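The structure under discussion appears below in the form of structure tokens.
Read the figures in this text as sums done on the coordinates, not as results from a lab. Predicted model only: the values in this text are computed from it and were never measured. Using ideal geometry, Cβ is built from the backbone for each residue, glycine included, and neighbour counts are taken over all protein chains shown.
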Amino acid sequence: MIPKGAIICIVVGVVGSGVVGIFFAEIANEAPTLVYVQGPSLSVITEKTNFRLGEPINIKIVNSGTVPLTFSDASYGLKIKQLDGIVFYSPVSAQVISVLEPKEEKTFVWNQTKSDGSKIIEGRYKIVSNTDSTSGNVLEKSITINILK
């Protein structure tokens, strides 16, 4: 026979771990907050971090600083990589110098396809943007997202 104290501890542990698990699941899916800072700053933002396979992903490239940022093309340095660093998607864009003014943002929609047109599989991916190296300050910012079935 199991003592009453042990049963109470087990029940409290199971209920407590369930509540803590739900809390952490909610925190994990929160979108990152945007903070504006003095000087050069770049931010990459999505509306959430967990997406369903095939769901369009809205990506915002934001100048979160107080100085204009220069990019080497019209895609604002956007690339989507696997976690090992291999780039498998970069939007087709004109090779013109693009400038993002302070607090200005550009939105891109990625339909979860690779540059060759094939669909991706579920997994973790990194969305990266970086500024032009000729401007002196090279900024690179990224966000990691999860693609789930």
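Here is how the numbers come out for the structure above:
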quantity	calculated
Reach of Lys48 by Cα under 26 Å, taken over lysines that are not fewer than 8 positions away in the same chain	Lys60, Lys79, Lys81, Lys103, Lys106, Lys114, Lys119, Lys126, Lys141, Lys149
Contour minus Cα-Cα distance for Ser115 and Val138 (0.36 nm per residue)	5.8 nm
Local electrostatic count, Asn146, Cβ distance below 12 Å [Lys/Arg +1, Asp/Glu -1]	+3
Hull volume in cubic angstrom per residue (convex hull over the Cα atoms of region 64-130)	99
Packing-based order for 76-89, 111-124, 56-69, using average beta carbon neighbours within 10 Å, highest first	56-69, 76-89, 111-124
Helix-only [θ]222 nm of the chain, DSSP H runs n ≥ 4, -39500 (n - 2.57) each, per residue, nearest 500	-6000 deg cm²/dmol
Cα pair count fraction exceeding 28 Å, expressed as % - the chain	34
